[in-house]
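Asks: Here it is: the structure, laid out below.
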Amino acid sequence: MTVASTERLAELPVDVRPKLGESTDSYVRRLARANHLKPSDLHCFLAGPPNWFGKPRIERLAAVSGRSEAALQRALSDASSARGRAKPTPRNLRIQTHKALKQSSLDMTLPIQYDALGGDATVRQIAGRRNVPRWLVRRVLDSAIFPERQTPRNRSALTEPVKAQIDSMIVSGMSPKEIWTELMDAHDISVSMGSLQRQTSRRHPATRRRR
């Protein structure tokens with residue numbers, strides 16, 4: 001796999017708009033499928049060496065999607081700001097004090113962010129589901145990233161059903177790379193390679209000595 005410079009990266013023919021608040025992995029998968037590409041191939045190409053399975057690089061994603069880096073940084077929940085800093089939290093912007101975000105003593109900020117992660121729900125749908133005005137949903141998604149200690153990252157957090165699925169793949173003899181590819185291409189699930197390697201090592205401790 002050869003990596004060209006960002007300036008020579010060709011823009012993909014089918015335009016896909018990032019949804020406010022969705023994760024980078026979700027957007028890459030949608031962009032790949034719209035252009036008849038395997039999500040795993042596009043993800044690795046955008047990540048580049050030496051960490052092919054890491055987070056796609058924002059400048060490469062901008063080049064192939066035809067979107068500016070600023071637009072991607074604004075829309076994607078886990079993209080860094082232009083200065084490499086985290087986006088300000090809702091508390092800093094004082095939007096958590098809005099009464100619509102306090103329902104039965106529950107803070108609706110995190111549920112709104114969770115709803116947006118996969119890129120499947122529109123702002124209108126999230127607003128209706130959470131009984132929050134659309135403008136406030138946009139404000140939450142535009143201004144907030146997930147608190148690191150409270151919110152699992154979409155790429156590394158393994159639910160019990162996904163763990164069971166991975167276990168069955170491990171038992172069948174699939175390598176972490178094969179599992180990563182299968183999950184992304186066949187199941188639209190993004191999992192970090194580190195998580196897969198750790199789960200493989202826990203199930204088969206001898207693999208630690210072989211790596």
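Rule-based calculations on the coordinates, nothing more; no lab input. Since we're looking at a predicted model, the values are computed, not measured.
Asks: Can you work out the base-10 log of I(q)/I(0) for region 160-210 at q = 0.22, 0.31 1/Å, using the Debye formula on its C-alpha atoms alone?
Replies: Taken in order of the listed q values, log10 I(q)/I(0) reads -0.74, -1.41.
Asks: Here's something else I'd like to know. Could you grab the relative contact order for region 18-75? Cα pairs under 8 Å, six or more apart, rounded to a whole percent. Show your work: numbers first, answer last.
Replies: Working: 49 pairs, mean separation 18.2, N = 58.
Relative contact order for region 18-75 comes out at 31 percent.
Asks: Still on this model: Taking region 18-75 as the region of interest, what is the percent of Cα-Cα pairs per 10 angstrom bin, listed from the shortest bin to the one with the maximum distance?
Replies: Percent of Cα pairs in each bin: 25, 60, 15.
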